[in-house]
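Below: one structure, written as structure tokens.
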Amino acid sequence: MLAGSPDIKIELLELAFKAALNLEKSRAGISLLYKLTNISPNDSESLNSFLEEWSVSDAMSILAEIDSRIKVIEAIDRLSGDHSVDELHTLHPLIEKARWVFGPEFDTPEYASNRGLIKTMSSVFGRKYKKEDFTNSARRPDIVVGENSSISSLGLEEFSGEIRKTKRVLLIELKKGGFEIGRGEMDQAKYYVEDIWHAGVGSCQPYIKAFVVGDSIDHLTGKYQTVGKSKDEQFGEVHAITYSELVRSAEARLFSLKEKIEGRYDSLEDGPLINELLGNPEQKDLDFAAGQE
């Protein structure tokens, strides 16, 4: 018998021993045992109820997706107010990871850059921007860099009959820190939508949703414009949104889960958080005592 629990049943000891043997076969087994020794009675009840309904692998898949989305929004919230942040290589990739904020239709892994869209971007923005401002590297060929903003595009391909074509385009123009969106910026985005639609993507003319994102919006500027040949023939729209509105919208779409587990993310440091989200390698400390990598 254990000194701290003289009345413990032998059946429980046998089960614990078998569990320990199974966990010992896993690389993370020792770490898990340490966690179980510190679990509270309330958490034990919750864990038991959880395992009655969920498999651990299914739960981890869902939690990983939720965790990733909350971290992206946390990073955007922290960095959007920092005017020294590298907009092109940090903010823009984060915003693209959060494209689901701009509408449920964009919440699909099928949204990506494609050759037809890249050629259209090059054709349209190559004329409007100085040649040296057009980014056309193998890694990020779909971003245009201007003096006060950077613009990226993502397309959704769907089958039209037996032909796969780009049917919808998400255009995101990020303004630099401290920038106020005015009528000029909204009109310019409208021209981009018109030019991209008329240039076409491959052999089609997709519907285009453009978002201009900045620190603030001039009070005389409308936040929404439709784009088309007539009232009944629209092929695009333009939205103005602030970084803070984007973050609040994202938190609402996540059912305010971030507020319920705020402490989990408050303690994260900026560097490791950004490296994780952008896939930058980082050396982790090894905790041999707890059996962790």
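Bear in mind that the values in this text are calculations on the coordinates, not laboratory data. Keep in mind it's a predicted model, so treat the numbers as computed, not measured. Glycine also receives a Cβ, built like all others from the backbone with ideal geometry; neighbour counts cover every protein chain displayed.
Quick notes on this one:
- The HN-Hα couplings worked out from phi for segment 89-104 by the Karplus form 6.51 cos²θ - 1.76 cosθ + 1.60 (θ = phi - 60°) are 9, 10, 5, 5, x, 5, 4, 5, 5, 9, 5, 4, 5, 6, x, x Hz, whole numbers, x standing for Gly and Pro.
- Ordering 107-116, 172-181 by mean Cβ neighbour count within 10 Å, with the highest value first, yields 172-181, 107-116.
- For segment 217-281 versus segment 46-124, the spacing of their alpha-carbon centroids is 11 Å.
- Sequence ranges 33-42, 85-94, 143-152, ranked by mean other-Cβ count within 10 angstrom, highest first: 143-152, 85-94, 33-42
- Gain in span if fully extended, residue 226 to residue 37, counting 0.36 nm per residue against the direct Cα distance: 62.1 nm
- In this structure, the pairs whose alpha-carbon distance is over 24 Å, taken from 119/165; 71/190; 176/231; 175/223, are 71/190; 176/231.
- Listed peptides 46-59, 228-241 by packing density, highest first (mean Cβ within 10 Å): 228-241, 46-59
- Residue by residue, segment 144-159 carries 3J(HN,Hα) couplings of 10, 10, x, 5, 10, 7, 10, 10, 10, 9, 9, x, 10, 9, 9, 7 Hz when phi is fed to the Karplus relation 6.51 cos²θ - 1.76 cosθ + 1.60 (θ = phi - 60°); x denotes Gly or Pro.
- For segment 152-293, the relative contact order is 19 percent, taking Cα pairs closer than 8 Å that sit 6 or more residues apart in sequence and dividing their mean separation by the residue count.
- Extension reserve of the residue 216-residue 62 stretch, reckoned as 0.36 nm per residue once the Cα distance is removed: 52.0 nm
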